[in-house]
Amino acid sequence: MSSSAPSPSLPSSPWRFLWMFVREGFLCRVILLNLAAAGGIGLMGLEPVAMRGLVDALAGLSDNQRSGTSAGTAGWTAEVMPWFLLLGGLWIASALFNRLRELVDLHTSPALRHAVQVRLFDQLIDHSSSYFQDNFAGTLGQKVKQAGQSSIELLEILTNDIIRIVVILAIGLTLLASAQTLFAVLLVGWTAAHLTVSALLARRCLRLSHAFSEEVSSTTGRMVDIIANAELVRAFARRRQELAGLSDALTGEIARSKELRWFLTKMWFWLFNVLLVFQITLIGIAVSDATAGRMSVGDFAMVFSLASIVGANVWGLSTRMLGFFEQLGILSGALELIVRPHGIPDPPGRPDLVVTGGAIRFEDLRFAHPGSDAGPNSGKTGAVFDGLSLTIRPGERVALVGPSGAGKSTLVRLLRRQFPLQGGRILIDGQDIAGVSLASLNRAVAEVPQLPSLFHRSIRDNIAYGSEGADDAAVRAAAARAHCDRFIEERAGGYGTMVGERGIQLSGGERQRVAIARAFLKDAPILVLDEATSSLDSETEHLIQDALLGLFEGRTVIAIAHRLSTVTGMDRILYLEGGRILEDGDHAGLLRRDGPYARLWRRQVGGFLPDESAVPAGDVPGNLREEVR
Ligand code: ADP
């Protein structure tokens with residue numbers, strides 16, 4: 001299997017998700033964490049026993065002193081010292097267990113957070129183009145980070161707080177039963193009440209925390225969108241409006257946060273009251289028993305000390321519930337968004353595409369962009385293609401021309417399986433691309449898109465992205481063939497120059513040449529050029545045309561072109577309009593036909609409409625587009 005093979009799907013339930021990580025790589029460490037927490041609290045739970053012994057010994061000593069039968073220092077040492085040492089020993093040993101737990105956690109939580117983030121990111125990156133169009137990049141990044149953090153917080157609660165409560169309740173129950181059965185009955189009753197109330201409140205808390213985390217993600221996404229378009233905000237002097245919009249959105253965040261916090265405040269109020277009633281009742285009974293002589297002072301001290309320890313731990317857990325449900329809500333929200341079926345399924349084990357000649361066949365293609373259906377009564381189907389068929393021979397160079405919105409970009413994106421088809425199929429050398437591994441399909445097709453994406457990395461890294469392990473010489477050779485070596489060497493940082501986010505520190509033409517160099521390096525049998533030369537000055541365009549002709553050799557080429565001067569040398573020119581091929585032929589043949597291509601040619605050569613189809617459909621109102629035609 002190749003390194004880019006999809007990873008198996010992750011569980012979408014937070015518990016099964018966490019368990020999967022624990023089982024796969026953290027089981028021993030999690031067991032150790034539990035043991036250390038149990039040891040720490042278990043020893044602390046024995047403190048009331050030592051306290052009872054110590055208090056009883058001291059009481060005996062003072063009785064003796066009062067009755068004049070003091071045993072002196074020897075008696076003090078013999079009766080009191082062992083209890084004192086036991087108490088000190090328990091404290092020290094309990095503290096050592098707690099430190100041990102922290103030490104194990106040092107090797108658990110950061111590693112778990114790392115593993116969760118990597119696996120979720122792996123799942124995220126395989127989603128379809130529509131998924132990334134529908135979700136803010138900032139939101140997605142934040143969800144991955146949040147999931148890593150909430151996983152370790154949940155683990156902490158499970159391996160520390162819960163264990164502590166279980167152990168302390170077990171010890172408390174045993175000790176209180178030994179002092180008086182009623183105490184044990186009270187502890188059981190109170191525990192049951194506490195857990196029932198907590199369970200009843202848990203679901204609502206989860207819902208509120210989920211709503212809050214959704215709100216936070218959406219405002220983060222919005223903020224990142226504005227930051228990414230900061231220049232646009234400045235250019236249109238919309239700072240005030242953006243700030244007001246963001247502030248409105250943040251108001252929603254405040255409301256969700258207040259709802260959650262108010263609910264937790266109420267929850268704590270009730271839980272704390274139940275705890276107080278329990279503690280006061282327990283100590284009240286103990287006071288009455290001790291004054292009536294049914295209980296020794298030592299027993300009283302033990303009950304008092306136990307009530308404080310149990311109370312402190314249960315209260316600790318109640319306050320941790322805020323974190324628990326919040327983190328559970330955050331993790332389930334992140335999993336809901338990320339762990340969903342990939343729009344374009346790519347199950348492991350599919351065969352790789354084997355390109356022998358590079359023949360491409362589009363067969364009866366039916367496709368509409370997701371959500372583009374204009375509705376049953378609108379009279380529009382929203383379909384980009386409704387039965388398009390096209391055969392491209394191996395090594396053929398085909399240009400796609402036609403007005404904006406004709407479906408040219410969609411056609412080449414379908415070739416890379418970026419959207420699921422509603423009907424028909426696409427074959428490369430006789431293999432249906434829907435049945436091959438996505439990685440092999442992407443390896444077979446090199447693309448220079450209309451707006452090339454660049455990482456905020458060095459120019460060298462961006463070019464080398466075309467071929468894994470490409471060395472410096474290969475990068476320089478590709479840059480030279482794409483005619484971008486000159487401008488790179490003129491930069492102070494040379495090939496190490498950082499290009500800025502999405503390549504913002506390069507001009508449009510430079511960005512495109514870097515993308516062309518990257519495609520040279522990829523050396524794929526099928527080449528897709530989408531307006532590859534649109535941002536180049538005429539001198540560079542000439543050089544690029546030359547270079548591209550070299551690259552075309554031995555490859556099947558589909559080039560989307562708006563400037564017809566760049567397509568005259570192609571084997572075939574397809575004139576597309578409304579998702580249909582209206583004309584198919586070479587330049588001279590199409591001019592002779594005197595159809596739409598010839599009209600477009602004359603208009604461009606005539607110079608009144610230099611580049612009509614380069615205008616994205618979304619930027620031009622429908623009526624204006626009609627006028628342009
Ligand atoms: P061309 O490349 O010929 O300009 P496109 O293939 O980009 O045309 O677009 C074909 C049609 O599909 C247009 O109506 C366009 O608005 C629509 N379209 C393109 N991309 C999307 C998308 N991601 N979601 C919805 N509709 C889209």
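The values are calculated or read from the model by the stated rules, or taken from the named source; none is laboratory data. Note that the structure is predicted; figures quoted are calculated from it, not measured. Neighbour counts are summed over all protein chains in view; Cβ atoms, including those assigned to glycine, are modelled from backbone coordinates with ideal geometry. Please note that ligands, DNA and RNA were not included when accessible areas were found on the heavy atoms of the full protein model with its side chains. Shrake-Rupley method; radii C 1.70, N 1.55, O 1.52, S 1.80 Å.
Structure notes:
- Scaling the Cα radius of gyration of the chain by the globular reference 2.2 N^0.38 Å produces a ratio of 1.41.
- For Arg397, distant residues with modelled amide H under 5 Å away: Val557, Asp571, Arg572
- For the chain, the Cβ-based charge dipole about the Cα centre amounts to some 740 debye (Lys, Arg positive; Asp, Glu negative; other atoms uncharged).
- Gyration tensor (alpha-carbon) shape descriptor, region 451-517, a/c threshold 1.5: rounded
- Rounded FRET efficiency, nearest 0.05, which uses the C-beta distance separating Arg486 from Ser129 and R0 of 35 Å: 0.55
- Shape call, region 360-585: gyration tensor on alpha carbons, a/c limit 1.5: prolate
- Student exercise, region 14-338 dipole from Lys, Arg, Asp, Glu Cβ charges, in Debye to nearest 20: 420
- Linear extension gain, Ile280 paired with Asp472, 0.36 nm per residue minus alpha-carbon span: 61.5 nm
- Structural descriptor for the chain: relative contact order 14 percent, calculated from alpha carbon pairs under 8 angstrom and at least 6 residues apart.
- Sorting the segments 444-455, 335-346 by their residues' average number of neighbouring beta-carbon atoms within 10 angstrom, most packed first, yields 444-455, 335-346.
- Mean Cα-pair separation over length for region 426-502, i.e. relative contact order, pairs under 8 Å, 6 or more apart, %: 36
- Inter-probe distance in nm under a simple model that places probes 7 Å from Cα toward Cβ, at Glu577 and Val185: 9.3
- Relative to the dominant Cα principal axis of the chain, helix 81-106 is inclined by about 0°.
- Accessible-area order (highest first, 1.4 angstrom probe) of the listed residues Glu326, Glu242, Glu468, Glu583: Glu468, Glu242, Glu326, Glu583
- Seen against the Cα atoms of the chain and their longest principal axis, helix 239-291 is set at about 20 degrees.
- Using C-alpha pairs below 8 Å separated by at least 6 residues, the relative contact order for region 14-338 is 31 percent.
- Treating r as the C-beta distance of Ser288 and Lys258 and R0 as 45 Å, the FRET efficiency rounds to 0.50.
- Ordering of 388-394, 548-554, 233-239 by packing [mean C-beta count within 10 Å, highest first]: 388-394, 548-554, 233-239
- Going by accessible surface with a 1.4 Å probe and the largest first, Tyr465, Tyr575 read Tyr465, Tyr575.
- Take Lys258: with every protein chain present and a 1.4 Å probe, its accessible area is about 140 Å².
- Highest mean first, the peptides 358-366, 285-293 sorted by other C-beta atoms within 10 Å per residue fall in the order 358-366, 285-293.
- Annotation: amide H-H contacts under 5 Å for Thr497 (H modelled 1.01 Å from N, sequence separation of 5 or more, or interchain): Ile459, Arg460.
- In order along region 479-493, the phi-based Karplus estimate (6.51 cos²θ - 1.76 cosθ + 1.60, θ = phi - 60°) of 3J(HN,Hα) comes to 4, 5, 5, 8, 6, 10, 5, 5, 5, 5, 5, 6, 6, 4, x Hz; Gly and Pro are listed as x.
- Phi angles of region 14-19 translate, via the Karplus equation with coefficients 6.51, -1.76, 1.60 and θ = phi - 60°, into HN-Hα couplings of x, 5, 5, 4, 5, 4 Hz per residue; Gly and Pro are given as x.
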